[in-house]
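Here is the structure we will look at, set down as structure tokens.
Read-outs throughout are calculated quantities, based only on the coordinates presented, and are distinct from any laboratory measurement. Nothing here was measured: the structure is a model prediction, and the numbers come from that model. Here the Cβ positions follow ideal geometry from the backbone for every residue, glycine too, while neighbour counts run over all protein chains shown.
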Amino acid sequence: MRIDVLTLFPRMFEGPMGESIIGKARDKGLLDIRVSNFRDFSDNKHQTVDDYPYGGGAGMLLKVQPIFDNIEAIKQERPEVTPRVILLDPAGKKFDQHMAEEFSKEEQLVFICGHYEGYDERIRTLVTDEVSLGDYVLTGGELGAMVMIDATVRLLPDVLGNNLSAQTDSHSTGLLEHPQYTRPADFRGMKVPEVLTNGNHKLIEEWQTKESLRRTYLRRPDMLAAYELTPQMEKWLAE
Ligand code: SAM
């Protein structure tokens with residue numbers, strides 16, 4: 001997968017995009033990330049990228065020209081690919097696992113990180129998705145883009161050591177993940193549930209499903225409302 005990021009702060013991506021799973025995906029050649037500073041595309045001799053809003057108002061807006069030219073340059077590099085162009089915007093659709101799954105199937109993603117008071121409205125004509133990280137306002141789109149890239153990249157085939165682990169994560173199944181334990185079986189009197197240590201896979205699977213359901217019911221009942229329960233699950237919930 002190829003990912004392009006447009007930002008005024010390319011250095012913000014230097015550390016996080018080279019470490020851990022993302023770093024490994026890049027090393028394995030599964031991911032090509034390019035970060036460009038759209039200030040370099042400004043046609044203004046002072047390389048300005050922002051200006052006052054027409055009609056007045058607080059703060060400055062990102063100008064349309066540098067971002068247009070930067071995106072056009074990216075598209076010209078690979079004319080055979082139609083990238084998904086994602087605008088980071090608190091007014092966009094809220095990012096979730098389903099969106100990460102959709103993004104992970106694309107050949108190329110382009111993230112536009114805003115700053116200041118936001119965008120000249122005409123920038124939106126370039127984009128396929130307007131996406132928010134959540135109901136709060138960040139200083140810029142960089143942290144949001146990194147979160148979305150991380151959630152997307154770990155879903156690419158062969159990026160995680162075990163492809164199954166992403167499929168069983170919270171939010172992938174529609175339920176929260178069940179509690180998990182590793183050694184020792186007894187830590188200061190806190191014992192691992194016996195069922196997990198007895199090697200009976202049918203019982204282990206049943207316990208995991210039940211606990212996943214219980215956790216979702218207690219913590220995120222809104223998720224349960226959207227989940228198609230099996231008759232057995234309905235029974236457990238009624239217990
Ligand atoms: N005035 C804008 C508004 O009320 O919608 C907020 C601008 S914010 C200070 C600057 C930039 O940070 C935004 O253009 C966007 O790129 C990014 N940003 C801030 N909050 C965000 C969020 N929750 N999700 C995604 N991007 C966000």
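Details
- Stokes-Einstein D in µm²/s, Kirkwood radius over Cα pairs - the range 168-238 at 25 °C with 0.890 mPa s viscosity: 185 µm²/s
- Close amide-amide hydrogen proximity is noted between ASP4 and ARG34, LEU109, VAL110, PHE111, each under 5 Å apart and 5 or more residues distant or on a separate chain (H modeled in the peptide plane; Pro and chain starts excluded).
- Here the chain is assigned +1 on the Cβ of each Lys and Arg and -1 on the Cβ of each Asp and Glu. Its dipole about the Cα centre then comes out at about 620 debye.
- Among the GluC sites (Glu not before Pro) within the range 64-133, those in coil by DSSP and having at most 11 neighbouring Cβ atoms inside 10 Å are GLU80.
- Shape category assigned to the range 10-62 from the gyration tensor of Cα positions, a/c cut at 1.5: prolate
- Equivalent ellipsoid of the range 111-198: semi-axes from √(5λ) of the C-alpha gyration tensor, largest first, are 41, 16, 11 Å.
- Residues considered: LYS24, LYS45, LYS75. Largest GNM mean-square fluctuation over the chain, using C-alpha springs under 10 Å, is found at LYS45.
- Annotation: extensible slack from TYR136 through HIS201 equals 19.1 nm (criterion: 0.36 nm per residue apart, minus Cα-Cα distance).
- Computed label-point distance, nm, for sites LYS235 and ASP222 using a 7 Å Cα→Cβ extension: 3.2 nm
- GNM top mover of GLN65, GLN76, GLN180 - the chain, alpha-carbon springs below 10 Å: GLN180
- Sparsely packed trypsin sites (Lys or Arg not before Pro) within the range 182-223, loop by DSSP, other Cβ within 10 Å at most 16: ARG188
- Annotation: lysines with alpha-carbon distance below 21 angstrom to LYS235 (same-chain offsets under eight excluded): LYS202, LYS210.
- Å³ per residue enclosed by the Cα convex hull of the range 113-161: 94 Å³
- For the range 191-239 and the range 59-114, distance of Cα centres in Å: 39 Å
- Cα gyration tensor, the range 30-102 - rounded (a/c under 1.5), prolate or oblate: oblate
- Label-to-label distance for TYR52 and GLU80 is 5.0 nm, based on points extended 7 Å past Cα in the beta-carbon direction.
- Spatially proximal lysines relative to LYS93 (Cα-Cα < 30 Å; intrachain offsets below 8 disregarded): LYS24, LYS63, LYS75, LYS105
- Among the chymotrypsin sites (Phe, Trp or Tyr not before Pro) within the range 104-180, those in coil by DSSP and having at most 10 neighbouring Cβ atoms inside 10 Å are TYR136.
- The chain - Kirkwood radius from inverse mean 1/r over Cα pairs (Å): 20.7 Å
- Mean Kyte hydropathy of 0.0 or more with a Cα span along the axis of at least 15 Å, helices from DSSP in the chain: 142-153
- Within a Gaussian network of the chain (alpha carbon springs, distance under 10 Å), most fluctuating of GLY29, GLY56, GLY15: GLY56
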